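Down below is the structure, laid out as C-alpha cells.
A short reminder: the numbers here are calculations on the coordinates, not readings from a lab. Please read all numbers here as calculations on a predicted model, not as lab measurements. All Cβ positions, glycine included, derive from the backbone under ideal geometry; neighbour counts span all protein chains shown.
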Amino acid sequence: MTGLTVLLPPSETKREGGDTDRTLDLRALSFPELAAERAAVITAARSVSSEESSARTALKLGPKSIEERFRNLALDTSGTMPAIDRYTGVLYDPLGALDADAVTRAWWFDHVVVQSAMFGPLGGGDPIPAYRLSHDSRLGSIRLASHWPGVSARVIAERTEGGLVLDLRSEGYRQLGPVSHAVAPRVVSVDGTGRRKALNHWNKTAKGRLVALLGRSGAAVSSMAELVDWASEHGVVFEQHAGGWDLVAESLEPASV
C-alpha cells in the first residue's frame with residue numbers, strides 16, 4: 001500500500017457502549033491473519049480478569065478502576081464501535097471523531113493504524129469492544145513484549161510498503177510493533193527566544209490535532225517531502241534536524257487548525 005499510514009497508540013480511557021448487533025469478530029478486523037495471536041491474548045486477558053486479585057495485579061487496577069476487569073469478561077458479547085471512536089483522552093479528543101463528516105472518517109479509516117495491546121495493530125475503522133489492557137500488562141505465560149512485536153512489524157511493513165509511515169505512538173506501544181522505516185517526529189514547544197523543549201504529556205494533544213487536520217484536509221502524501229509541503233500549506237511546522245524531525249506544537253494550536 002502506498003500513501004501515508006499514521007501509527008497511533010491506543011488510550012487507557014475508552015468510550016462505553018457500542019453496536020450490540022455487531023459484536024467482536026476477529027475476521028472483521030484489519031490484518032485478519034493475526035486472528036490466532038489475538039485469540040490467545042483475549043483468552044489470557046479473560047483469565048486474569050476472572051478474579052479481582054489477579055486482575056488488580058495483572059492489569060494494574062486500583063480501587064476506582066477495578067470494575068474495568070469486567071470489560072475483558074464480556075469481549076465476545078459487548079457492542080462494538082470503530083476504534084477511532086472507542087478511544088478517548090488527550091490524543092483522541094481533538095479528533096472530534098463522532099462529529100466528523102463521512103469523508104474525514106473515511107480518511108482515518110484508510111490511513112490510521114492503532115497499536116492495541118489486546119488486538120495488535122488495528123485499522124481506525126475496525127469495530128472493537130471496550131477492554132482493559134496496557135502494553136505493560138502481565139498475562140501469565142503470554143508476554144506482550146514478545147507476543148506482538150514480530151507479527152505486528154511484519155503485517156505493518158507489508159501494508160505500508162512504498163509509502164510513508166508516520167509513527168505517533170508512545171515508546172511502549174512502538175516496541176509492540178517496531179517499524180524501522182517509520183518517521184517518528186519529536187513534538188517540541190518553541191518559546192519566543194527560539195529555545196526548544198520536548199513535550200511529554202501534552203505532546204499527545206499536538207498529535208491529535210495533526211491527525212485531525214490530516215483527515216479533514218484529505219491529505220494525499222506518500223513521502224516526507226510531500227508531508228512537509230502539505231504541512232507548510234496548512235501552517236504546520238515540521239523541521240528536520242540531525243536526529244530526525246521536530247513537530248512544533250504551537251503550529252497546531254486551535255486558532256491555526
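Taking Gly62, Gly243, Gly177 in turn, the Gaussian network model of the chain (Cα-Cα springs below 10 Å) assigns the largest fluctuation to Gly243.
Candidate cross-link partners of Lys197 among the lysines, defined by an alpha-carbon separation under 21 Å and a same-chain spacing of 8 or more, comprise Lys207. Each residue of region 229-238 was assigned a 3J(HN,Hα) from its phi angle through the Karplus curve 6.51 cos²θ - 1.76 cosθ + 1.60 (θ = phi - 60°); the sequence is 5, 4, 4, 4, 5, 10, x, 9, 10, 10 Hz, with glycine and proline shown as x. Please build a GNM for the chain, connecting alpha carbons under 10 Å apart, and tell me which residue among Lys14, Lys204, Lys64 fluctuates the most. Among Lys14, Lys204, Lys64, the largest GNM mean-square fluctuation belongs to Lys64.
Would you mind ranking Phe119, Phe31, Phe70 so that the residue whose beta carbon has the fewest other beta carbons within 10 Å leads the list?
Numbers: Phe119 26, Phe31 22, Phe70 13.
Least to most surrounded, the residues fall as Phe70, Phe31, Phe119.
Placing a label point 7 Å from the Cα of Ser170 along the Cα-to-Cβ line, the residues of region 200-221 whose backbone N sits under 16 Å from it are 200-208.
Rg and Dmax of region 156-257, both derived from C-alpha coordinates alone, stand at 13.6, 44 Å. Distance between the pseudo-spin-label points of Arg143 and Arg15 (7 Å out from Cα toward the beta carbon): 3.7 nm. Applying 0.36 nm per residue to the separation of Ser65 and Glu233 and subtracting their alpha-carbon distance, the gain on full extension is 56.1 nm.
For the chain, the residue among Gly150, Leu59, Pro121 whose Cα projects farthest onto the positive side of the dipole built from Cβ charges is Leu59. Remark: region 53-65, residue by residue, has Karplus-estimated 3J(HN,Hα) of 5, 5, 5, 4, 6, 5, 9, 6, 9, x, x, 7, 10 Hz, where x stands for each Gly or Pro and the curve is 6.51 cos²θ - 1.76 cosθ + 1.60 at θ = phi - 60°. Within the straight-line cut-off of under 21 Å between alpha carbons, the lysines reachable from Lys60 are Lys14, sequence neighbours fewer than 8 places apart in one chain being disregarded. Which residue fluctuates the most in the chain, going by a Gaussian network model with Cα springs under 10 Å, if the choices are Leu139, Leu95, Leu199? Of Leu139, Leu95, Leu199, the Gaussian network model singles out Leu199 as fluctuating most. Dividing the convex hull volume of the alpha carbon atoms of region 4-252 by its residue count gives 130 Å³ per residue. The residues Glu16, Glu37, when put in order of fewest to most other Cβ atoms within 10 Å, stand as Glu16, Glu37. Listing Tyr131, Tyr87 from fewest to most neighbouring C-beta atoms within 10 Å gives Tyr131, Tyr87.
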